[in-house]
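See structure below.
Quick note: the coordinates plus some simple rules give every number you see, no bench work behind them. Because the structure is predicted, anything quoted here is derived from the model rather than measured. Neighbour counts are summed over all protein chains in view; Cβ atoms, including those assigned to glycine, are modelled from backbone coordinates with ideal geometry.
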Amino acid sequence: VRGCPFGNLAAELGTQDEVIRARIHDVFDGYQAYFEHALRDAEGSGTLPGVDVPSVARALLAYFQGALLLAKTHNDATIIDALAEQALNLVTGTRLESR
């Protein structure tokens, strides 16, 4: 499991190289925009009322990066699947039972 190449770069070089840090920032902004778009779609359909979309999108991005890091650390991609099932809990505040 390789993890996220941008997360890897951020961890290794993000504090040492301004150009790399800026590019990774742009990539993570793109990820966050993706999550915001999905959350706004859910909000618009009435499925997800009353959340702070930018904050929840940032939390999902952090969760996503953490899941990738854990999978890389354990060399086990199934960790990503297991954590993905619980991501909805971050968004809705509900408890999901593990399968």
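For every other residue with a beta carbon closer than 15 angstrom to the beta carbon of GLY50, add +1 if it is Lys or Arg and -1 if Asp or Glu, then tell me the sum.
Details: positive: ARG40; negative: GLU43, ASP52.
Summing Lys and Arg as +1 and Asp and Glu as -1 gives -1.
Suppose the chain between TYR34 and ARG58 were pulled fully straight at 0.36 nm per residue; how much longer would it get relative to their current alpha carbon spacing?
Extra length available between TYR34 and ARG58 comes to 7.6 nm.
Rounding to the nearest 20 debye, state how big the charge dipole of the chain is about its Cα centre with +1 on each Lys and Arg Cβ and -1 on each Asp and Glu Cβ.
Working: 8 positive and 13 negative charges, 32 e Å.
The calculated dipole for the chain is roughly 160 debye.
Using alpha carbon centroids, what distance separates the range 1-52 and the range 72-87, in Å?
Each part reduced to its Cα centre gives a spacing of 18 Å.
Test of understanding: what is the full-extension gain from ASP76 to GLU18, defined as 0.36 nm times their sequence separation minus their Cα-Cα distance?
On the way: separation 58, 0.36 × 58 = 20.88 nm, distance 3.20 nm.
Result for the pair: 17.7 nm of gain on full extension.
Write down the Kirkwood hydrodynamic radius of the chain, to one decimal in angstroms, obtained as one divided by the mean of 1/r over all alpha carbon pairs.
14.7 Å
Give the shape of the range 1-43 as rounded, prolate or oblate, defined through the alpha-carbon gyration tensor: a ≥ b ≥ c are the square roots of its eigenvalues, a/c under 1.5 means rounded, and otherwise the shape is prolate if a/b is larger than b/c and oblate if not.
oblate
What ³J(HN,Hα) values, in whole Hz, does the Karplus curve 6.51 cos²θ - 1.76 cosθ + 1.60 give for the range 47-63 when θ = phi - 60°, with x put for Gly and Pro?
6, 9, x, x, 10, 7, 4, x, 5, 5, 4, 5, 5, 5, 4, 4, 4
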